[in-house]
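The values are calculated or read from the model by the stated rules, or taken from the named source; none is laboratory data. Remember, it's a predicted structure, so these values are computed and weren't measured experimentally. With ideal geometry, Cβ positions are generated from the backbone for all residues, glycine too; neighbour counts draw on all protein chains shown.
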Amino acid sequence: MEVQTQIRVLQEFLERHYHSKLLDAISKGDRSLKINFALLAKFNPEIADILLDQPEETLKALEIAVEQFDLPNQIKNFTIRIDNLPRTQRVLLRDIRSEHLGKFLWFEGVVRQKSDVRPQVTAARFECPSCGNIIPVLQLDKQFKEPSKCGCGRKGKFNLLSKELIDAQHLKLEELSEDLEGGDQPKRMNIFLKNDLVSPINEKKTSPGSAIKVMGVVKEVPVIMRTGSKSTVFDLLIEANNIEAIQEDYTDIKISKEDIKKIKEIGRDPNLYQKMISSVAPSIYGHELIKEALVLQLMGGVRKQRKDGVTTRGDIHVLLVGDPGSGKSQMIRRVQKVAPKGKYVSGKGASGAGLTASVVKDEFLQDWALEAGALVLANKGMCCIDELDKMSRDDTSAMHEALEQQTVTISKANIQATLRSETTVLAAANPKFGRFDPYSTIAEQINLPVTLINRFDLIFPVRDMPDEKKDSQLASFILKVHQNLSVAESPLDTEFLRKYVAYVRQNVFPNLTDSAIEELKKYYLQMRNSGNSKSVPITARQLEGLVRLAEANARLRLADKITRTDAQKAVNLVHHCLKLIAFDEETGTFDVDRIATDTPGSQRNKILTIKEIINDLEGKIGKTIPMDDIEEMAREKGLNDEDITEVVDKLKRSGDIFEPKRGFIQKI
């Protein structure tokens, strides 16, 4: 098809389908217009095929077709962006070959790195000082080109009159994890954006961690060797024509009027809780309370920004610690599928940098670049961490800031940055010895840093104890699921659940009522006063957790007020968890220090008692104190021989006392 015919056909197409949209875009000052490829293919299949095979020429013809309209305040460099390309034009990044060069294709991937927006020269005009001739030069390569010679015979030293600049930006796109098979290494590709693709609105789509769909033309880039000559091997680059976000956080999920009607209907359903709990992990039998906690975690509390700049997180963090084979990983995988923008990472395969952020030297951007980790990539979404106990202490310590302050601060190389990680964390871990020991307390068997454990609102031990009745029901359920997959179908499908979560997070922000405040305060004071003077049953951190859970209960019902019932449900969940992990059998009281610090209250009381005895005896006997005297006084105060030996050993290890000679101790 001749160029003039192409322009005429395209002008006719634009006039018929896009005339009003074009006028609208120009009146708003937009620099581009999206057109649907399916419409073009229906209008003229031949020109649609030419667009796929020779995109550069056809896109130029489209621009000329736009210029020929009688438009108000004509805009220079108006771009046409193509949308809705056929599936046949999709190519995986790993499958790009030389046959794809110059073709119009589309790709999917995750943005890993992003350069700053910089002006780039596209064309320059030079003047010959000898004869005044003006020579235009197109700038297509990386290197700035000057004319080699003029028509009058002059070579070199031309005056630069003017140059045309466009905004340009480079991205690094990495393959989606769903497209990988087995142990494949994800491939990366450079993407070139220009003009309004780098506008502030599009910037949000291309922030590191976003999953995007890129429609563009594959081009080769010459590689300059150290000698200055060009290599025979070329690099690849995709020049983007259009970009769309494909993985949404809850603000991007499209919810229609019919969906909103259905959501409100379900929100009023008296069986709402049961339906939600059954839909979270239908293929896992039992664990109703854990499923309830996961539903509330998906809804989340309300994030509050105070006037003094302090923010209170709304995300509810949940930790499951359990025996192998109790369904923890299955539940985590399921929640990751339901949660908008869910990321999954696993213990040994995750490092501190991989979870938070790292600074890498990048050859493509010619500078240090920031690579976001899983907690940052899942901003406004959910991060599911499996096998948390298999991670090293250094790596888990990187999570502290991300869990409570919800930011990740990096100060490395020449980069000082604070990244947002408003991420809900659901983590699973195994007990210290692989399985829970029934004769030891659960708190002692959670092999994680206490400062990290303390940041989780709910901690559930998942115990797998033989029980004839329960085992029979579990076996029947599992075998029926294998026989007939529809047994494990959820009352609400995954897509609807995602929309429900998105609607709640965008539109429902309940406030505490006086009755709810009274209920939470009553429980808090009751717990604070239940212990003895030397143990701390509950802290303000648990109180904030109670508020978040009460908010999530109200959000689940789509209510704008948090009632006493919501507060009671939150109290029941927190009390259930505290009973399992913070109950001190020895004193019969709750002691949050069993999980919040290395030393539980009862143990600390024994240490204080022994220290008092040592101080008393030092005043009476002198510096060197016989062990027999200490043991005698300790027995009078109710300590047994085993406790005395354990405490004295602990004080020796911590460097408070030492043994100058056998059977005697002395303070340092």
Task: Unmet requirement for Leu105, which otherwise passes all of (1) buried (at least 17 other Cβ atoms within 10 Å of the Cβ); (2) not assigned by TED's automatic domain parsing to the domain that holds Gly216 - done: (2)
Open item on the list: Please pick out the residue among Asn202, Asn242, Asn195 that is surrounded by 12 or more Cβ atoms within 10 Å (Cβ to Cβ) and modelled with pLDDT under 75.
Closed with: Asn202
Open item on the list: Can you go through Asp437, Asp471 and tell me which one is assigned to a loop (DSSP other than H, G, I, E, B) and out of contact with any Pro (no Cβ under 6 Å at 6 or more places or on another chain)?
Closed with: Asp437
TODO: Spot the failing condition for Thr423; the list is (1) free of Cβ contacts under 8 Å to residues at least 12 places away in the same chain; (2) in contact with a Cys (Cβ under 7 Å, 6 or more places away or on another chain), and only one is missed.
DONE: (1)
Task: Scan of segment 23-43 for residues that are surrounded by 15 or more Cβ atoms within 10 Å (Cβ to Cβ), at pLDDT 80 or above and part of a helix (DSSP H, G or I), ordered by number - done: Phe37, Leu39, Leu40, Ala41, Phe43
TODO: Might you let me know whether segment 470-478 holds any residue that is of a type in the set (S, T, N, Q), in contact (Cβ under 8 Å) with a residue 12 or more places away in the chain and under 23 Å from Val574 (Cα atoms)?
DONE: no
Task: Given (1) in the same structural domain as Ala211 (by TED's automatic domain parsing); (2) touching an Asp or Glu at 6+ places or on another chain (Cβ under 9 Å); (3) over 30 Å from Glu108 (Cα atoms), number of the condition Lys275 does not satisfy - done: (1)
Open item on the list: For segment 616-651, give me the residue count where each residue is in contact with a Ser or Thr (Cβ under 7 Å, 6 or more places away or on another chain) and closer than 16 Å to Ile668 by Cα.
Closed with: 0
Open item on the list: Of all residues being aliphatic (A, V, I, L, M) and farther than 25 Å from Thr88 by Cβ in segment 15-52, which is nearest to the chain's Cα centre (by Cα)? Just the residue, please.
Closed with: Ala25
Task: Qualifying helices (runs of 4 or more DSSP H) (wholly inside segment 342-428; at least 2 residues being at pLDDT below 75 and surrounded by fewer than 16 Cβ atoms within 10 Å (Cβ to Cβ)) - done: 393-397
- [ ] Scan segment 144-174 for residues that are in contact (Cβ under 8 Å) with a residue 60 or more places away in the chain and of a type outside the set (Lys, Arg) and report the count.
- [x] 5
Open item on the list: Any residue at all in segment 389-397 that's within 14 Å of the chain's Cα centre (by Cα) and not hydroxyl-bearing (Ser, Thr, Tyr)?
Closed with: no
Open item on the list: Where the second residue is β-branched (Val, Ile, Thr) and assigned to a helix (DSSP H, G or I) and the first is over 15 Å from Glu612 (Cβ atoms) and in contact (Cβ under 8 Å) with a residue 40 or more places away in the chain and lies in segment 648-659, which pairs have Cβ atoms under 8 Å and are six or more apart or on separate chains?
Closed with: Lys650/Ile607
Task: Considering residues of segment 300-332 that are assigned to a loop (DSSP other than H, G, I, E, B) and among the hydrophobic types (A, V, I, L, M, F, W, C) only, the residue farthest from Asp437 (Cα to Cα) - done: Val310
Open item on the list: Looking only at residues that are in contact with a helix residue (DSSP H, G or I) (Cβ under 9 Å, 6 or more places away or on another chain) and among the hydrophobic types (A, V, I, L, M, F, W, C) in segment 161-175, which one is modelled with the highest pLDDT?
Closed with: Leu173
Open item on the list: Which numbered condition in (1) farther than 24 Å from Thr206 by Cβ; (2) part of a strand (DSSP E or B); (3) touching a residue at least 40 places away in the same chain (Cβ under 8 Å) is the only one that Pro136 fails?
Closed with: (3)
